[in-house]
Amino acid sequence: MLRKFINPILVFPLCLYINNQKALLSEANNFEKIIQENENQIYINYAEIDNITLKNNQELKALENLVNSTTFTLSSKIAKRYPSLDLNVSGFPKYVSGKNYSSSSSTTKTSQFSVNPSLNIKLDLIDPLRGSEIKIARNNYAIAKNNYEIKKKDLIKEAKSRYHKLQKSYQDIKNKQSSLNLSITSLKDAQAKFDTGIGTKFEVLEADAQLSRDRQSLNEKKIQNQINKIALKEILNINGDFAINKKQKLMGFWNHKLNKNITEGLINSLSLKNINLKKSIKENQAENYLNTYKPNVYISNIFSSSFSKGDSLSVEIDPEKSGSSYTNTVSLNFGWNIFDGGKNKNSYKSSKADSESEFYMYKNLENVLKTNINQAYLNLKLNEEKILSSLKEISSTKESLRLARLRYDVGISTLKDVLIRQKDLSNAKSKNIDAIYNYNLNLDELERLTFLEISNICNENDSSIKKDFQSICNI
């Protein structure tokens, strides 16, 4: 009788251990069983995001039309350098009929068709406003192009951010599914111990509660995954379903020093260039108000002619009578706005004040950019450390969970200890997922702010990195 009682107790931990190992071995495969790809899905590679965004995004197409609009405005201002040609025709044709009665003379009649075309050629020799207007139009065109580039880079950065977020949500699901599998194993173990009389009902309830929490957490991550997928689909303007590479990884390395980041960021900032362009526009507008007091000199050539058929103011109308005449006038013309009550002078002062305000806006934005670059760079370094520390934490918590489960199987530990270690492992994986996600966001932000390129090769000039196995280069 004693042998029959002891044998199940000795065999039971072995069975629990085998079940536990099966659960751990199947962890990597469970995620693929949950989310399956449709054969008709479009596969989106991370490297293709730039092209897809440029091709499909409607907001960029609207800005592209605005650039075209400023191009035409610039062309219209440049056209002022060339002569203008106007054709005017008075009556096309014109018919005049009537009768003129006078008691002291014969009554006359009029019945006549006439055409009076005139051709006017005008060339501005001195136009004080023309040069400034062309400069303003050229600056507006440059601003429109910069705004297009700014929006393009911002949209690409946002699309990449949503891509990273979708990748992260897939890994979150995988992590929660792993926790769910471990909770299922824990519940089975607790129930098996309870059935054999060596466990408690409390442990079964505790394992069941943990299973419910993990199941709820998994459902939340699945919903978040769908939300992230819709967000990426929206910014890329994709019709139908699509799939991405679910495996999360580092998208590159940042091998540029902080000082270079700040220098290049300030030099290449399109927003700073736009402030300088706006300052130039307001200065040219101010100059235009003063230029209105300068004389305008232009040359004109007016050619006018008249063709008629019929008779005018004759006693007897001769319908076959015809005539023609022409004149050609060439003149040098001069116009000068001498005084307007100080209107343009005050407008000049207003535009100069606006121009000076742009200087302070430039300095403010310069400080903001420096701060943003510093924060992005330091956060990148911080997330590098978080990636390394979270990997160590995952390794240690896996071992802790394994030992805790072995102790529980042989009856020298409680299920509570197993569930705590199980939660620690899930949290460690979440930290690693978040660190990689934030690291990739920092890379994209630095690329956007500095216009420098992300490298696919880790900086090998740092000897400490090559010697240190636990470095970001070896991830």
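How large, in percent, is the carbon and sulfur part of the accessible surface of the range 221-376 at a probe radius of 1.4 Å? Numbers along the way, then the final one.
Details: 5030 of 9320 Å².
Ligands and nucleic acids excluded, carbon and sulfur give 54 percent.
Could you list the square roots of 5 times each eigenvalue of the Cα gyration tensor of the range 207-248, that is, the equivalent ellipsoid semi-axes, sorted largest first and rounded to whole Å?
29, 11, 7
What is the dipole size for the chain, taken about its Cα centre, with +1 at each Lys and Arg Cβ and -1 at each Asp and Glu Cβ, in debye to the nearest 20? Don't skip to the answer; put the middle values down first.
Values: 69 positive and 52 negative charges, 177 e Å.
So the dipole magnitude of the chain works out to roughly 860 debye.
Could you tell me the convex hull volume per residue, in Å³, taken over the Cα atoms of the range 62-185?
Hull volume normalised by residue count: 241 Å³.
If you add up the charges near PHE307, with Lys and Arg at +1 and Asp and Glu at -1, over every other residue whose beta carbon is less than 14 angstrom from its beta carbon, what do you get?
Overall, the nearby charge balance is +3.
Per residue, how many Å² of accessible area does the range 357-475 show with a 1.4 Å probe?
54
Taking every DSSP beta bridge that has both residues in the chain, what percent is antiparallel when rounded to the nearest 5?
Just about 95 percent of them are antiparallel.
At a temperature of 4 °C and a viscosity of 1.567 mPa s, determine how fast the range 36-94 diffuses translationally according to Stokes-Einstein, using the Kirkwood radius over alpha-carbon pairs as Rh; express D in µm²/s, rounded to the nearest whole number.
Taking Rh from Cα pairs, D becomes 76 µm²/s.
Which whole-number percentage describes the relative contact order of the chain, with Cα contacts under 8 Å and a sequence gap of 6 or more?
So the answer I get is 22 percent.
When N counts the residues of the range 83-139, how does its alpha-carbon radius of gyration compare numerically with 2.2 N^0.38 Å, as a ratio?
2.27
Could you please put ILE457, ILE299, ILE244 in sequence from largest to smallest accessible area, using a 1.4 Å probe?
From most exposed to least exposed: ILE457, ILE299, ILE244.
Just one of (i) 41.2, 160; (ii) 24.4, 81; (iii) 25.4, 90 is Rg and Dmax of the Cα atoms in Å as worked out from the coordinates here. Which one is it?
(i)
Restricting things to Cα coordinates, could you compute the convex hull volume per residue of the range 167-265 in Å³?
171
Between the range 232-274 and the range 43-70, how far is it from one alpha carbon centroid to the other, in angstrom?
Using only Cα atoms, the two centres lie 15 Å from each other.
How many angstrom separate the Cα center of the range 196-220 from the Cα center of the range 125-181?
Between the Cα centre of the range 196-220 and that of the range 125-181, the gap is 48 Å.
With point charges of +1 on the Cβ of Lys and Arg and -1 on the Cβ of Asp and Glu, referenced to the Cα centre of the chain, which listed residue (THR200, PHE334, ILE262) lies farthest in the positive direction of the dipole?
Of the candidates, THR200 comes out farthest on the positive side.
For Cα pairs less than 8 Å apart in space and 6+ apart in sequence, what is the mean separation divided by the residue count of the range 318-475, i.e. the relative contact order in percent?
Computed over the range 318-475, the figure is 25 percent.
Rounded, prolate or oblate, given the Cα gyration tensor of the range 135-186, with a/c below 1.5 counting as rounded? Provide the component values of the computation, followed by the final result.
Numbers: a/c = 13.74, a/b = 10.85, b/c = 1.27.
In terms of gyration-tensor shape, prolate.
First select every other residue whose beta carbon is under 13 angstrom from the beta carbon of THR263; then total the charges, Lys and Arg +1, Asp and Glu -1.
Value of the local net charge: +1.
Order of 172-183, 203-214 by packing, highest average Cβ count within 10 Å first?
Averaged packing, sorted descending, gives the order 172-183, 203-214.
Taking 10 °C and 1.306 mPa s as the conditions, I'd like the Stokes-Einstein D for the range 227-331 in µm²/s, using the Kirkwood hydrodynamic radius from alpha carbon pairs. Could you put the intermediate results ahead of the total?
On the way: Rh = 24.1 Å.
For the chosen part, D equals 66 µm²/s.
Does anyone have the angle between helix 270-291 and the longest principal axis of the chain? Alpha-carbon axes, 0 to 90°, nearest 10?
Tilt of helix 270-291: around 20 degrees.
The values are calculated or read from the model by the stated rules, or taken from the named source; none is laboratory data. Computed from a prediction, not measured in an experiment: that's the story for all the values here. Please note: Cβ atoms are built from the backbone with ideal geometry, for glycine as well, and neighbour counts cover all protein chains shown. The accessibility values were calculated without ligands, DNA or RNA, using every heavy atom of the protein model including side chains. Shrake-Rupley method; radii C 1.70, N 1.55, O 1.52, S 1.80 Å.
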